[in-house]
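Q: The following block contains the structure, expressed as structure tokens.
Please treat every number below as a calculation from the coordinates, not as lab data. On a predicted model such as this, the values are computed, not experimentally measured, just so you know. Methodologically, a virtual Cβ is constructed for each residue, glycine included, from the backbone with ideal geometry; neighbour enumeration extends over all protein chains shown.
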Amino acid sequence: MSQSFYVITWTDVLVSFVLVAISLGLIRWWKIGLEKTLLIGTLRTFVQLAAMGYVLTFFFQQRHWLFMVTLVSLMILIAGFEGYRREKEFRIPHYFVIITGSLFFTVFIVLGIILKFILDVQPWYYPYAMIPIAGMIIGNALNSTTLTTNRFIGELQHRDQEIEMLLSLGAPARVAVQDSLRNAIRAALIPNINSLMMVGLVQLPGVMTGQILSGVDPLIAVRYQIMIMYMWITTVIIVDILVLAFVYRQFFTPRIQLRRHLLLKKYP
């Protein structure tokens with residue numbers, strides 16, 4: 001008798017550790033030196049997701065809009081802190097406020113459009129829709145804005161003399177760093193653009209694959225995946241532009257001078 005979906009038990013999950021063991025063996029063979037990091041990441045994935053499964057069971061039982069808004073806000077704050085922590089070695093002024101505010105604005109816009117105008121969720125704070133979609137938006141936005149900020153700082157380090165020359169000629173700060181801003185956003189968008197180009201040809205995204213394995217009609221899964229792909233690219237474009245629009249100003253004094261000391265890594 002055929003079945004329309006496959007149930008994975010905890011025993012099956014433990015068997016999947018064989019894949020990690022293969023990865024550990026390859027890393028050790030090539031002397032890459034990431035064995036400990038990979039092992040810790042693997043264990044954290046297991047513990048965190050297993051715990052999240054039980055936590056989500058409780059969250060999905062909630063039916064009050066204030067609880068859901070508070071939960072999403074907490075997710076954004078955690079993501080903002082994580083983004084700030086990743087860039088802490090450069091200590092960009094007001095970076096936590098910049099990234100958290102950008103995330104709040106982006107999530108509000110994109111999540112609102114998805115829930116109200118595309119899925120038409122009733123009520124709009126229905127947890128089975130709001131939590132997973134918000135999580136995807138926040139996670140993708142955080143990854144992209146981290147790439148964007150890192151690339152922008154690298155551009156400033158590489159072009160510092162060029163930027164100072166433009167400033168000495170009277171160019172506004174925005175004009176002096178325009179190429180750096182453009183290159184940073186382009187670099188951060190490459191993974192998402194590649195996904196748009198290759199999805200359905202050589203790649204079946206995780207969300208779509210998970211739905212199909214759980215028995216959802218492939219055509220329905222495809223429609224959801226198309227929506228998610230458009231959601232991702234819109235998310236990263238909005239948040240990247242917002243973050244850089246405020247971040248680049250932190251690298252200039254009120255007299256439009258480049259703050260070179262911010263381009264040096266600082267360790268605690």
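Q: Would you mind checking which residues have amide H under 5 Å from F252's amide H? H placed 1.01 Å from N; only 5 or more apart, or other chain.
A: Close amide H contacts, sequence-distant or interchain: R259.
Q: Cα gyration tensor of segment 1-59, axes a ≥ b ≥ c as square roots of the eigenvalues: rounded (a/c below 1.5), prolate (a/b > b/c) or oblate?
A: oblate
Q: How far apart, in nm, are the 7 Å Cα→Cβ label points at E162 and Q48?
A: Modelled inter-label distance: 3.6 nm.
Q: In sequence order, what are the phi-derived ³J(HN,Hα) couplings for segment 140-153 according to the Karplus relation 6.51 cos²θ - 1.76 cosθ + 1.60 with θ = phi - 60°, rounded to whole Hz, with x for glycine and proline?
A: So the Karplus estimates, Gly and Pro as x, are 5, 5, 5, 4, 5, 5, 5, 4, 5, 5, 4, 5, 5, 4 Hz.
Q: Now a separate question. Which whole-number percent is the relative contact order of the chain (Cα, under 8 Å, 6+ apart)?
A: 25 percent
Q: Here's something else I'd like to know. Using the number of other C-beta atoms within 10 angstrom as an exposure proxy, rank M227, M130 with the fewest first. Write out the running numbers ahead of the final one.
A: Details: M227 15, M130 23.
By the 10 Å Cβ count, ascending: M227, M130.
Q: Say we join alpha carbon atoms closer than 10 Å with springs in a Gaussian network model of the chain; which of Q157, Q122, Q48 then has the biggest fluctuation?
A: In this elastic network of the chain, the residue with the biggest mean-square fluctuation among Q157, Q122, Q48 is Q48.
Q: Assign unit charges at the C-beta atoms only (+1 for Lys and Arg, -1 for Asp and Glu), then state the dipole size of the chain relative to its Cα centre in Debye, rounded to the nearest 20. Walk me through the numbers before you get to the answer.
A: Details: 22 positive and 13 negative charges, 154 e Å.
The dipole of the chain has a size of about 740 debye.
Q: State the Cα centre-to-centre distance between segment 50-115 and segment 234-268 in whole Å.
A: Segment 50-115 and segment 234-268 have Cα centres spaced 22 Å from each other.
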